[in-house]
Amino acid sequence: MFINLFRALRRQGIPVTFNEWMLLQEALEKNLADSSLTRFYHLARAIMVKTEGHFDRFDQAFLECFGHIESDDDLIARIAERLARLPPLELTEEEKRLVEELELEEVRGRFLDRLRNQDDEEHVGGNQAIGVKGRSPFGAWGYNPAGVRIGQGVSRHRRAIQIAEKRSFRNYRDDVALDTRAIKNVLGYMRQVVREGPKDALDVDGTVQATCRNAGELEFIWERERRKRIKLMLLMDAGGTMTPHAELVSRLFSAARDLVKNLKFYYFHNCVYQELYTDIEQMTPVATRKVLDQTDRDTRVILVGDAYMAPAELMSPNGAIDFWCRNDRPGIEWLQDIRKRFRKVIWLNPEPIKWWSSVPTTRMIGRIFPMHELTLEGMRDGTRALMKQ
């Protein structure tokens, strides 16, 4: 049912799975949408969309599938006015009992017969035809627990279409600036489960297997506790053209500090040379070679910067823009040393990807490190690349 919606969601880039699709079918089978397009809109979105960033894409897919639905406002107004004049239906308990004795197959047969011989007359109350506020098993706002409801509960005002057309969640797309909470969620992809500490946790499966091998003589097998651990190093460009991005990078730094216990962080300006800084405001240096040699190769490394500088700053000895810095090696060689030293390294760029090709130094650095945008989607792709075996 509604397979066209499933395909439209996939075309819009929403990662909907078969399990979610089956859950939607189960919800429809239980009549949770109640024959209402509006309720179906909210139900489908709640089941199929896992992040607010995809709400806008869902609305576009919904419009593609159901945007052609139209209604006649004059007809709706006449029906509503007519229904408002109808008296409430009142049945005795005996009448209700007689109605409930109808079998489902009998109801279906009568319904098909009424459809073949229907007329356009108004039928209010009674039980002789398709109507409203009556005992007929076919109609609306009446009483018949085994009946076929026609029209009742349907959102004829196209409210679901109007909601989708508004697309109120455009500002929650994946390409908006990150907040600290979102960054924490993305960095959560990098959590590793490892065994460390003393062997004080009982390995039940290992104990059973060892006991079996010993012909029933009990042998306990112990193992180290499983703990989540992540080793991360942040190398952050500060000052100059990075000043407009200072708040965004601060959010990344704050999230990493809260989430990662084993975090190393250093600053640089424009490019990495022979010194990094633990405090760039106070110009507190540490030798880059020392950092590389003393950091575990399995540490995940994230460089953050716009990769925007004069080509000489990247390619030439003594090309650093700061007059007090004399770099005997070109910055690109230090970047290559970082790439060779660590198994998993990415570069996060706060500038839009559409500008990268127009900046020579960005292109050159992009050939050394996998480069991702500093957006929610870009960070998600980058962290997954860091954790890929």
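The values are calculated or read from the model by the stated rules, or taken from the named source; none is laboratory data. Nothing here was measured: the structure is a model prediction, and the numbers come from that model. Reconstructed Cβ throughout: ideal geometry from the backbone, glycine too, with neighbour counts over all protein chains shown.
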Of the conditions (1) modelled with pLDDT of 90 or more; (2) more than 18 Å from residue 363 (Cα to Cα), residue 324 clears all except one; give me its number. (1)
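Within region 17-57, which residues are of a type in the set (Gly, Ala, Ser) and without any contact (Cβ under 8 Å) to a residue 24 or more places away in the chain?
The first filter runs over region 17-57 and keeps only residues of a type in the set (Gly, Ala, Ser), leaving 27, 33, 35-36, 44, 46, 53.
Within region 17-57, 27, 33, 46 meet the criteria.
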Members of region 274-294 that are farther than 15 Å from residue 237 by Cα and in a helix (DSSP H, G or I): 289, 290, 291, 292, 293, 294
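Hey, among 260, 249, which residue is under 24 Å from the mean Cα position of the chain (by Cα), closer than 21 Å to residue 343 by Cβ and assigned by TED's automatic domain parsing to the domain that holds residue 322? Let's see the steps before the verdict.
Details: 249 fails: closer than 21 Å to residue 343 by Cβ.
On inspection, the qualifying residue turns out to be 260.
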Could you tell me whether region 246-261 includes any residue that is among the hydroxyl-bearing types (Ser, Thr, Tyr) and under 24 Å from residue 373 (Cα atoms)? yes
Is it fair to say residue 350 is at pLDDT 90 or above and either more than 28 Å from the chain's Cα centre (by Cα) or within 21 Å of residue 292 (Cα to Cα) (or both)? no
